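A.B. asks: Sharing a structure with you now.
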Amino acid sequence: MGLLVVRDAEAVLTMDSAGTVLRRQSILIQDNRIVAVGDYGSLVSGFGSPDEVVDGRGKLVLPGFYDMHTHVAMAGFRGLASDVGDVIYRVFWPLERSLDGDTVYRFALLGGLEAVKSGVVLVADHYFFMDHVARALSEVGVRGLLGHTYMDRDGPFTGERELRAGLEFVDRWSGHELVVPVLAPHAPDTVTRENLRYLGELARERNLFLHMHLAQTLREFRVVREETGYTPVRYVERLGLLGRRTIVAHANYVDENEKALLAHSGSLVVQCPSTYMLSGTPFHAYDYWQLGGNVAVGTDAPCYNDNSDFFEEMRLLVYGQRVKFERSSVWRAYDLLEMVTRQSARFVGLDGGYIGRGALADLVLVDLSSVRLRPFLNPYANLVYAASSGDVDTVIVNGRVVVRGKRHLFLDEERVVNQAEAASRILLRRALDEDPELERIIGVDKVI
């Protein structure tokens, strides 16, 4: 790749350790790294004329967001679960039993497109048919920390074949430019003790991340306690699964001691506030943060939040915890932006999440022309409390412009949407044929 310049940005939120904000500066990118930040004329004098220029006037530039727990292919289920309780077991698993690789690919293109247009540059995704998800996300042009979901029992796809698929996925995608493969046991109630231990040991041996759901539902809590005598958090801790290479999604059903255990374990605790608020589930993001834990933000399932607007996810995290603690001093806007950029990048071992010389060139340009973003007095507050995915104008991932003028540069967006729509209807009909009870649960006769 040649030289790329983001020219004359109205503001640059560097998200460096000093929280530097620059005005009317330009960013020079070569290959996949930021080479320099400064006045445009000085950059040209020092490095020569750029091969490509992105107009930064009237725009705010910041590092791209890290969505640390999601299932982008579940965008294909949007609208089917929002008003239903116990959705994992009553809706998602019955629908997922009818999935195939091609359907997952089409859904993942839709979910990945929605994510990148929301300013997300990395997704940590945990799903079935992960080869197809990885292919889709590579075509979208976003980074992926990706794992093939493994379950021994209860779920839509279980057993030795799935374990083999998860291990083969790691081997197949290791060394990819954008994809980092991980191990992804589903949860402590759906994977046996032996296989939880095996995957934990394998993750340590191969220096892989382990990404799993933990203490997410009351059903999981009851099953694990009845079968092991321990709560889910204490159970996985005894199995040696927690640590600095472990990503824990949710951790909702925990006691005070378990909050401290998780925070002090070094694990990353990912919180998905829109899912919790939609389902009426308690969450403890601020507790983990106050205890010194690693905390990140995820969008979870695009069919149970019910969109992938990362700005909305950030502010719901703040709103939900301020309501819980009944005070306005829970977090500042800067804290959230730091959490979803530099801190998340540091946890996954990427030299990114900030704007400075040598950093990975993963950038988002927000259009400041919207009435909701003016006056432009506090950029951190404007982004977290006022902006939306519709304000994202340009996204650069790994030094490549992926979105520009609010349109994806390499995907036919209408085709992605139409193919996902058709695939969703076909899947739904197939699932209803296999499980007629679904029609009563989701009230599908009202929507198709």
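The values are calculated or read from the model by the stated rules, or taken from the named source; none is laboratory data. These numbers come from a predicted model, not from an experiment. Don't worry about glycine lacking a Cβ; one is built from the backbone with ideal geometry, like all the others, and counts go over all protein chains shown.
A.B. asks: State whether one or more residues within the stretch 419-431 are polar (S, T, N, Q), out of contact with any Gly (no Cβ under 7 Å at 6 or more places or on another chain) and either free of Cβ contacts under 8 Å to residues at least 40 places away in the same chain or part of a loop (DSSP other than H, G, I, E, B) (or both).
C.D. replies: Looking through the stretch 419-431, none of the residues is polar (S, T, N, Q), out of contact with any Gly (no Cβ under 7 Å at 6 or more places or on another chain) and either free of Cβ contacts under 8 Å to residues at least 40 places away in the same chain or part of a loop (DSSP other than H, G, I, E, B) (or both).
A.B. asks: OK, next. Can you tell me which residue is nearest to Val104 (Cα to Cα) among those in the stretch 383-419 that are among the basic types (Lys, Arg) and out of contact with any helix residue (DSSP H, G or I) (no Cβ under 7 Å at 6 or more places or on another chain)?
C.D. replies: So, considering only residues that are among the basic types (Lys, Arg) and out of contact with any helix residue (DSSP H, G or I) (no Cβ under 7 Å at 6 or more places or on another chain), the one nearest to Val104 (Cα to Cα) is Arg415.
A.B. asks: Of the conditions (1) surrounded by 21 or more Cβ atoms within 10 Å (Cβ to Cβ); (2) at positive phi, Asn207 satisfies every one except a single condition; which number is it?
C.D. replies: That leaves (1) as the condition not met.
A.B. asks: Among the numbered criteria (1) surrounded by fewer than 17 Cβ atoms within 10 Å (Cβ to Cβ); (2) of a type in the set (Ser, Thr, Tyr); (3) more than 30 Å from Gly144 (Cβ to Cβ), which single criterion is violated by Ser17?
C.D. replies: (3)
A.B. asks: If you don't mind, another one. Can you pull out the residues in the stretch 166-187 that are touching a strand residue (DSSP E or B) at 6+ places or on another chain (Cβ under 7 Å) and part of a loop (DSSP other than H, G, I, E, B)?
C.D. replies: Scanning the stretch 166-187 gives Ser174, Leu178, Val182, His186, Ala187.
A.B. asks: Shifting gears a bit: Determine which single condition Phe157 fails, assuming it passes every other condition in (1) farther than 30 Å from Ala361 by Cα; (2) surrounded by fewer than 21 Cβ atoms within 10 Å (Cβ to Cβ); (3) free of Cβ contacts under 8 Å to residues at least 60 places away in the same chain; (4) not β-branched (Val, Ile, Thr).
C.D. replies: The number of the failed condition is (3).
Here's the yes/no breakdown for (1) without any contact (Cβ under 8 Å) to a residue 40 or more places away in the chain; (2) surrounded by fewer than 17 Cβ atoms within 10 Å (Cβ to Cβ); (3) within 29 Å of Gln290 (Cβ to Cβ); (4) not basic (Lys, Arg):
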{"residue": "Asp189", "(1), (2), (3), (4)": "no, no, yes, yes"}
{"residue": "Leu242", "(1), (2), (3), (4)": "yes, no, yes, yes"}
{"residue": "Asp255", "(1), (2), (3), (4)": "yes, yes, yes, yes"}
{"residue": "Ala260", "(1), (2), (3), (4)": "yes, yes, yes, yes"}
{"residue": "Gly266", "(1), (2), (3), (4)": "yes, yes, yes, yes"}
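A.B. asks: Condition check: assigned by TED's automatic domain parsing to the domain that holds Leu113 and either buried (at least 17 other Cβ atoms within 10 Å of the Cβ) or in a strand (DSSP E or B) (or both). Does Ile27 satisfy that?
C.D. replies: no
A.B. asks: Now a separate question. State all residues of the stretch 345-370 that are part of a loop (DSSP other than H, G, I, E, B), under 23 Å from Gly390 (Cα atoms) and of a type in the set (A, V, I, L, M, F, W, C); if no residue qualifies, say none.
C.D. replies: Ile355, Ala361, Leu368
A.B. asks: So how many residues does the stretch 225-253 have that are over 20 Å from Thr149 (Cβ atoms), in a loop (DSSP other than H, G, I, E, B) and either of a type in the set (A, V, I, L, M, F, W, C) or not assigned by TED's automatic domain parsing to the domain that holds Pro273 (or both)?
C.D. replies: Applying the first criterion (over 20 Å from Thr149 (Cβ atoms)) to the stretch 225-253 yields 225-231, 233-234, 237-238, 240, 243-244, 253.
Now narrow it down to the ones that are in a loop (DSSP other than H, G, I, E, B): 229-231, 240, 243-244, 253.
Remaining after also requiring either of a type in the set (A, V, I, L, M, F, W, C) or not assigned by TED's automatic domain parsing to the domain that holds Pro273 (or both): none.
Going through the stretch 225-253 one residue at a time, the tally reaches 0.
Yes/no per residue for (1) free of Cβ contacts under 8 Å to residues at least 60 places away in the same chain; (2) under 22 Å from the mean Cα position of the chain (by Cα):
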position: Gly46; (1), (2): yes, no
position: Glu52; (1), (2): no, no
position: Met68; (1), (2): no, yes
position: Leu80; (1), (2): no, yes
position: Tyr105; (1), (2): yes, yes
position: Ser118; (1), (2): no, yes
position: Val121; (1), (2): no, yes
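A.B. asks: Name the residue, out of Leu110, Leu163, Leu122, Leu146, that is in a helix (DSSP H, G or I) and either crowded, with 23+ Cβ neighbours inside 10 Å or at pLDDT below 95 (or both).
C.D. replies: None of the other options fit; the residue is Leu110.
A.B. asks: Next question. Taking the criterion of being more than 22 Å from Leu146 (Cα to Cα) and outside any helix (DSSP H, G or I), would at least one residue in the stretch 379-386 satisfy it?
C.D. replies: For the stretch 379-386, residues more than 22 Å from Leu146 (Cα to Cα) and outside any helix (DSSP H, G or I): present.
A.B. asks: Right, Leu95: surrounded by 24 or more Cβ atoms within 10 Å (Cβ to Cβ), in the same structural domain as Leu137 (by TED's automatic domain parsing), touching a helix residue (DSSP H, G or I) at 6+ places or on another chain (Cβ under 9 Å) and not in a helix (DSSP H, G or I) or not?
C.D. replies: Considered against the rule, which asks whether it is surrounded by 24 or more Cβ atoms within 10 Å (Cβ to Cβ), in the same structural domain as Leu137 (by TED's automatic domain parsing), touching a helix residue (DSSP H, G or I) at 6+ places or on another chain (Cβ under 9 Å) and not in a helix (DSSP H, G or I), Leu95 comes out as no.
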